1. Would you report the distance distribution of C-alpha pairs in the range 176-233 as whole percents per 5 angstrom bin, up to the bin with the largest distance?
2. Give me the base-10 log of I(q)/I(0) for the range 60-148 at each q in 0.11, 0.17, 0.26 Å⁻¹, Debye formula, one uniform scatterer per Cα, rounded to two decimals.
3. What is the Cα centroid distance between the range 137-161 and the range 187-248, reported in whole angstrom?
4. Write down Rg/Rh for the range 125-207, rounded to two decimals, with Rg from the C-alpha atoms and Rh from the Kirkwood relation over Cα pairs.
5. Once the principal axes of the Cα atoms of the range 1-100 are found, what is the range along each, listed largest first in whole angstroms?
6. Output the peptides 70-83, 177-190 sorted from most to least packed, where packing is the average of other Cβ atoms within 10 Å over each peptide's residues.
7. Over all directions, how big on average is the projection of the convex hull of the alpha-carbon atoms in the chain, in square nanometres?
8. Where is the GNM fluctuation largest for the chain (alpha-carbon springs, 10 angstrom cutoff): ILE143, ILE202, ILE54?
Amino acid sequence: MHIVLTGGTGLIGRHLCRRWLSQGHRLTVWSRDPAQVPRRCGEGVRGIARLEDIAPSDQVDAVVNLAGAPIADRPWTASRRHLLWASRITLTEQLLAWLETREQRPEVLVSGSAVGWYGDGGERELTEASPPVKEDFASQLCIAWEETAQRAQALGLRVVLVRTGLVLAGDGGFLSRLRLPFKLGLGGPLGDGRQWMPWVHIEDHIALIDFLLQRTDASGPYNACAPEPVRNRAFAKALGRALHRPAILPVPALLLKAGLGELSTLLLGGQRARPARLLEEGFTFRFDDLQSALDDLSERL
Ligand SMILES: NC(=O)c1ccc[n+]([C@@H]2O[C@H](COP(=O)([O-])OP(=O)(O)OC[C@H]3O[C@@H](n4cnc5c(N)ncnc54)[C@H](OP(=O)(O)O)[C@@H]3O)[C@@H](O)[C@H]2O)c1
């Protein structure tokens, strides 16, 4: 299969490339810095600066769209919001414009999204049948991102939307940021720690994206998180246990709100999300218990 990726140099993309290279697929990554692609994604992966560098005669079987500026890196000032929006929605529009020009079109577009699509869901259990609960900037971003990707259906593609939870990995992402404060014994719950955290082990995340890509009857949104979300307080405790450190120092909600503005909604709110459709369609999670996922990754943190 020839798979074209955006965001292929990121945490999830790099792991996907590793898996698909080992399975013998041909990979092309559209990147702002194509020269870095073979080093980050694997020898043999082609980096391109423009989609037009793919010849019209070169068959493309699948597109995986994950590019986007990091959402939790800094406060959502007006210019940051613009960048978060352009790097997902404008980029996806460019992808659609390119797909439209092609005579030969891929069978499937797998496009990124996040459980943040629902906004802060409080205690409500959220499946793919649930509407957004409380809109904030992050949910509006995900809603627009999904709606844009969905337009590829009119071009004849099957469209899969991956509503990703917090991806737990030993080589980047959320856990890498928590590593230092927790190792220093400064970890703990955020706010009152009651907010739900849908999480997914990177190994399961890669496997479920591959599952959805291969299954020709899969389309629409999928919650990509383990079947057992935990509250933030329980997450902090489990991470402390995996790193053999106490996790008792709470970070006051007021401090987060003052320092981060609306970005704090991402940390103080949450989603009790269930991967209902993946389970119905027969996907099996290897890590469905948080402690076993963290224990597996702790050696690499
Ligand atoms: N990791 C998680 O826990 C998580 C959870 C929910 C949703 N997601 C979403 O899933 C997607 C992939 O996640 P990830 O963790 O693999 O992301 P990541 O490591 O931050 O990588 C995202 C990729 O997007 C591209 N990118 C970054 N800034 C950009 C910009 N300003 N304009 C255009 N492209 C830009 C980069 O590719 P180049 O440098 O090659 O251009 C980068 O490698 C992201 O959109 C993320 O929001 C992730």
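1. 4, 15, 16, 19, 17, 11, 9, 6, 3, 0
2. -0.37, -0.79, -1.29
3. Using only Cα atoms, the two centres lie 23 Å from each other.
4. Details: Rg = 16.6 Å, Rh = 15.8 Å.
That ratio is 1.05, to two decimals.
5. Dimensions of the range 1-100 along the principal axes of its Cα atoms: 42, 29, 20 Å.
6. Numbers: 70-83: 13.2, 177-190: 16.2.
Taking the mean over residues of other Cβ atoms within 10 Å, the ranking is 177-190, 70-83.
7. Values: hull surface 59.4 nm².
Quarter of the Cα hull surface area: 14.9 nm².
8. In this elastic network of the chain, the residue with the biggest mean-square fluctuation among ILE143, ILE202, ILE54 is ILE54.
Each value in this text was obtained by applying a stated rule to the coordinates, not by laboratory testing. Quick caveat, the model's predicted, so the values are computed rather than measured. Backbone-built Cβ (ideal geometry, glycine too); neighbour counts: all protein chains shown.
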